[in-house]
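Have a look at the structure below, then the notes.
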Amino acid sequence: MISHDVRVHPSSAHLPREEQLAWKIAQVAADPVEVEPDVTEMVINRIIDNVAVATASLLREPPAAARAQALAHPYRPGSTVVGVVADQRVSPEWAAWANGVAVRELDFHDTFLAAEYSHPGDNIPPILAVAQHVAADAGRRVDGGRLDGRRLVRAIATGYEIQVDLVRAISLHRHKIDHVAHLGPSAAAGLGTLLGLDAETIVHAVGQALHTTTATRQSRKGEISTWKAYAPAFAGKVAVEAVDRAMRGQTSPTPIYEGEDGVIAWLLDGPEAAYQVALPGPGEPKRAILETYTKEHSAEYQSQALIDLARRLHRERPELTDPERVESIVIHTSHHTHDVIGSGANDPQKYDPAASRETLDHSIPYIVAVALQDGRWHHVDSYTPERAARPDTVALWRKITTAEDPEWTRRYHSTDPAEKAYGGRMEITLTDGSRVVEEIAVADAHPLGARPFAREQYVEKFRTLAEGVLDDAETVRFLDLVQRLPDLGADELGELTVVAPPRLLESVTVPRGIF
């Protein structure tokens, strides 16, 4: 990895293009380095993961609305929409939109947390959508041949690499900027790799994508709305459009990061800011996907380990489920967990039984209360209004608070994989004066956890979430196909989707919009 110094420069300095971060990102994307076998296997895992959680969300209103918008934009060759018959194609940016919302809706796919936080699997919908569209165009050539599964793997590896590298180095949430501002550039870079574009083109796609995806974090604050699922889908859609414009010779604000009126100077740490951004050098494999991790539970990632701890306490200390016997529960954890999904957010909505699902999956007091009482977590049952309003749950829920612990904050930001942790210490005081103190560093499904996810677990997650949504034959077909990903020809990329029974999709209706 090469560490690049990134800081603000006045316009009078005429910062050379070769010294600009967007150019360095573009060079990484244009580097035709091959993908290593373990990275390829993880790319397959994450496509399985994405399609699993998208399948489980098909009947929810946000994905249904996004799907209706996409289907109003038919296009040939076009791209598929998850759940819809594969020969019903739409314009690729709208497929990226609909599929991105479906993937993000349940907060149930992969994550990477560092200076910033992210869901790098959000790169897959726009990259796959464009791959399907271009591969289906028999007259279209990419670097002398048609686009195939191996090229798709390389593109996804780029998307993950750039997003993880930006997330390691540059905090957005500290300045109340939403994390999708790192997703726009990473998706644009991945598309550059997919299409074999040169750095001169990719740099403008990266700049346009960043410029148009900087938005505030209000989408994840207070009463969280359905836009939470749309925000990354919007970034993916914008990235597709930015690449299209750049391919047509349209340029971007330059330098987008370092300019005196650019992103760093006015949206992030200001004119005196300096960052060290490490990116792969020429010919260096892109391996960042291996540092990311998926979810066993449908909730914010920082809750994963604490759900696992709560499940264990449910089995071992059943008295802790009774609010009459519990005086208080204090979760000592990192600044991020305390400030974003804990009581440190100062959001009364995090304790409101009538709050939206999007709010509840960002409330660690609610999540711990339900996991303690139920001994499990379910992507539907754990969020129903009836479950949230249960009197004994509300009573226990309101006795749970969080507190920042400097040691957990240090471990959250550690660069040592053996130390890095996203859990916390639970201190429970009972009404009889006794105390229970337990801690957990990483989720059971984490690579260093009690039950790390491997291909078997990704496949099982898919089968579980597809049950009652897909026919068994469709589940088998998709899983057989995706596990051959590097060997897929251009004609097979359009089959990298799942088709639900039409009657199932017809069971959910959304109001008519403009389209």
Out of the residues in region 408-427 that are in a loop (DSSP other than H, G, I, E, B) and among the hydroxyl-bearing types (Ser, Thr, Tyr), state the one that is farthest from residue 302 (Cα to Cα).
415
What number goes with the only condition from (1) within 24 Å of residue 39 (Cβ to Cβ); (2) surrounded by fewer than 17 Cβ atoms within 10 Å (Cβ to Cβ) that residue 476 does not pass?
(1)
Across region 158-183, what is the total count of residues that are in a helix (DSSP H, G or I) and over 20 Å from residue 133 (Cα atoms)?
17
Of all the residues that make up region 287-318, how many are assigned to a helix (DSSP H, G or I) and of a type in the set (Asp, Glu)?
3
If I filter region 203-212 for residues that are farther than 29 Å from residue 105 by Cα and in contact (Cβ under 8 Å) with a residue 60 or more places away in the chain, do I get at least one hit?
yes
Show the residue pairs meeting these rules: Cβ distance below 9 Å; 6+ apart or different chains; first residue within region 174-191 and assigned by TED's automatic domain parsing to the domain that holds residue 162; second residue in a loop (DSSP other than H, G, I, E, B) and of a type in the set (Lys, Arg).
176/221
Subset of region 77-109, residues modelled with pLDDT of 95 or more and on the phi > 0 side of the Ramachandran plot, comes to 78, 83
Which residue is nearest to residue 475 (Cα to Cα), if the candidates are limited to region 431-465 and must be basic (Lys, Arg) and not in a loop (DSSP other than H, G, I, E, B)?
463
Answer yes if at least one residue in region 405-424 is of a type in the set (A, V, I, L, M), modelled with pLDDT of 95 or more and either closer than 30 Å to residue 75 by Cα or touching a helix residue (DSSP H, G or I) at 6+ places or on another chain (Cβ under 9 Å) (or both), and no otherwise.
no
Can we say residue 79 is hydroxyl-bearing (Ser, Thr, Tyr), surrounded by 24 or more Cβ atoms within 10 Å (Cβ to Cβ) and under 19 Å from the mean Cα position of the chain (by Cα)?
no
Residue check, residue 327 assigned to a helix (DSSP H, G or I) and among the acidic types (Asp, Glu):
no
Answer yes if at least one residue in region 460-471 is closer than 18 Å to residue 330 by Cβ and not assigned by TED's automatic domain parsing to the domain that holds residue 108, and no otherwise.
no
Inside region 416-429, the number of residues satisfying the requirement of being surrounded by fewer than 18 Cβ atoms within 10 Å (Cβ to Cβ) and either closer than 14 Å to residue 338 by Cβ or touching a residue at least 24 places away in the same chain (Cβ under 8 Å) (or both) is 4
Take the conditions assigned to a helix (DSSP H, G or I), within 18 Å of residue 117 (Cβ to Cβ) and free of Cβ contacts under 8 Å to residues at least 60 places away in the same chain and apply them to residue 219. Does it pass?
yes
For region 88-104, name all the residues that are of a type in the set (Lys, Arg) and assigned to a helix (DSSP H, G or I).
104
Here are some conditions: (1) touching a helix residue (DSSP H, G or I) at 6+ places or on another chain (Cβ under 6 Å); (2) touching a residue at least 60 places away in the same chain (Cβ under 8 Å). Residue 70 meets all but one. Which one does it not meet?
(2)
Of the conditions (1) at pLDDT 95 or above; (2) under 23 Å from residue 199 (Cα atoms), residue 13 clears all except one; give me its number.
(1)
So residue 221 passes all but one of these: (1) at pLDDT 95 or above; (2) surrounded by fewer than 20 Cβ atoms within 10 Å (Cβ to Cβ); (3) in the same structural domain as residue 17 (by TED's automatic domain parsing); (4) touching a helix residue (DSSP H, G or I) at 6+ places or on another chain (Cβ under 8 Å). Which condition number does it fail?
(1)
Test residue 399 against the criterion of being of a type in the set (D, E, K, R), under 26 Å from the mean Cα position of the chain (by Cα), in the same structural domain as residue 344 (by TED's automatic domain parsing) and surrounded by 16 or more Cβ atoms within 10 Å (Cβ to Cβ), and give yes or no.
no
Checking residue 379 against (1) surrounded by fewer than 22 Cβ atoms within 10 Å (Cβ to Cβ); (2) under 24 Å from the mean Cα position of the chain (by Cα); (3) in a helix (DSSP H, G or I); (4) not aliphatic (A, V, I, L, M): exactly one of these is not met. Which one?
(3)
Could you tell me whether region 46-58 includes any residue that is at pLDDT 95 or above and either surrounded by fewer than 16 Cβ atoms within 10 Å (Cβ to Cβ) or in a loop (DSSP other than H, G, I, E, B) (or both)?
yes
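The values are calculated or read from the model by the stated rules, or taken from the named source; none is laboratory data. What you see is a predicted model; the values in this text were computed from it and never measured. Note: ideal-geometry Cβ built from the backbone for every residue, glycine included; neighbour counts use all protein chains shown.
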